[in-house]
1. Right, SER167: in contact with a Pro (Cβ under 9 Å, 6 or more places away or on another chain) and assigned to a helix (DSSP H, G or I) or not?
2. So, in the range 257-298, of the ones that are β-branched (Val, Ile, Thr) and in contact with a Ser or Thr (Cβ under 7 Å, 6 or more places away or on another chain), which residue ends up modelled with the lowest pLDDT?
3. Please find, among ILE92, ILE24, the residue that is closer than 30 Å to MET109 by Cβ and either under 44 Å from the mean Cα position of the chain (by Cα) or at pLDDT below 75 (or both).
4. Could you please tell me which pairs satisfy a Cβ distance under 7 Å, a separation of 6+ or placement on different chains, a first residue in the range 315-330 that is in contact (Cβ under 8 Å) with a residue 24 or more places away in the chain, and a second residue that is β-branched (Val, Ile, Thr)?
5. Look at GLU101 and say whether it is in a loop (DSSP other than H, G, I, E, B), out of contact with any Asp or Glu (no Cβ under 8 Å at 6 or more places or on another chain), over 27 Å from PHE12 (Cβ atoms) and at pLDDT 75 or above.
6. Just a yes or no: is a residue in the range 115-131 modelled with pLDDT of 80 or more and not assigned by TED's automatic domain parsing to the domain that holds GLY307?
7. Within the range 91-115, how many residues are aliphatic (A, V, I, L, M) and touching a Lys or Arg at 6+ places or on another chain (Cβ under 7 Å)?
8. May I ask you to say which residue of VAL230, VAL221, VAL217 is modelled with pLDDT of 90 or more and either under 30 Å from the mean Cα position of the chain (by Cα) or hydroxyl-bearing (Ser, Thr, Tyr) (or both)?
Amino acid sequence: MRIRTTLILANFLSTSLILVFLFISFVQMSIPNQSILILTIITFAAGTISAFAYFFLTDPLMKAVNQIKSESKKMSQGEFDVRVAEKGPAEIKELGRHFNEMAVKLDRMFQEVRKSEAYKTELIANVSHDLRTPIASILSYVEALQDGIVKDEAEKDEYLETIKKESHRLSKLIQELFELSQLDSRQMPFHPEPVHADQIVLDVLQQFELIFKEKKVHPEVDIDGQLPQVPVMREHIIRVLSNMIQNSIAHSPENSPITITVRKQEHSLVFSVKDRGAGISLSDQSRIFERFYRAEKSRNKALGGSGLGLAIAKELITLHHGKMGVYSEEGKGSNFWFSLPLKQKGEWS
């Protein structure tokens, strides 16, 4: 039964009960029949007017209820960008407000689900491609050796060296995927210890000493004096900084500097690596930390990157309760940075 029908029937029932009680009262009080008739007509007229008043006063209520009903049906069919007018009686306004809040939350949730599904699809495609490439290369070289196509010993050594490199590349990719899985599931151990920032920078620079010479780029180091120790997992931060410097070397022109800076900002230390390369477009900057994303696919492919380095780096910084980002302008180079809190919760003070 509809709400309006129920309300009108309730009004009719109450009016009828009033008429019955009035009639009984009039009879008991020995009121003349003409007076009883007049009072009955007046009561009946009041009841009729009340019924019409019910009908018109419930009209906004019915419109609001019907709108909620209509939009709820759309939601049941998968449309979550629905809204209802927040008007009518106070309770209906509140109901409309709660309905809209629920619709917004559901819409946001399902958008995230759709994005997640699209991301998973893209991730699987990228993983498949990056796994298939070295495997196909390894298979082709192994088959060539097995079939006896290669006779020259020097050429055989080249084939074996290529197989070795592709095997290392495949192993590295699998290891990176495993590490990302650990970071996603929050299974990566986290036991920070206080270290000096300048020592981290020095350790990383020593790793790249020969590469700086080969690529004809030179490092410039700018570290604030008397920096406090920072609680970190040393190897993780060395890896992050190494990734940033490696990327800068790869994209820097010859005879250009790479600037490594460490600054204290309020309750954090901020590390940055700036190059003078081609820079990164705004559209690429918004996705540069996504897994398997390559800002310049051809160049990264030539460099042999998996597209996971920056994604892992950002996850490692997040593990340290820090932040990571990039400032870049096309034609003017890039400045990658990350910040680390000077105190970790419950670990060191």
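1. Judged against the criteria, SER167 is a match.
2. ILE280
3. ILE92
4. LEU316/VAL240; ILE317/VAL240; HIS320/VAL232; MET324/ILE317; VAL326/ILE280; VAL326/ILE288; SER328/ILE280
5. No: the conditions fail for GLU101.
6. no
7. Total meeting the criteria: 1.
8. VAL230
The values are calculated or read from the model by the stated rules, or taken from the named source; none is laboratory data. Nothing here was measured: the structure is a model prediction, and the numbers come from that model. Every residue, glycine as well, gets a Cβ built from its backbone with ideal geometry; the counts of neighbours run over all protein chains shown.
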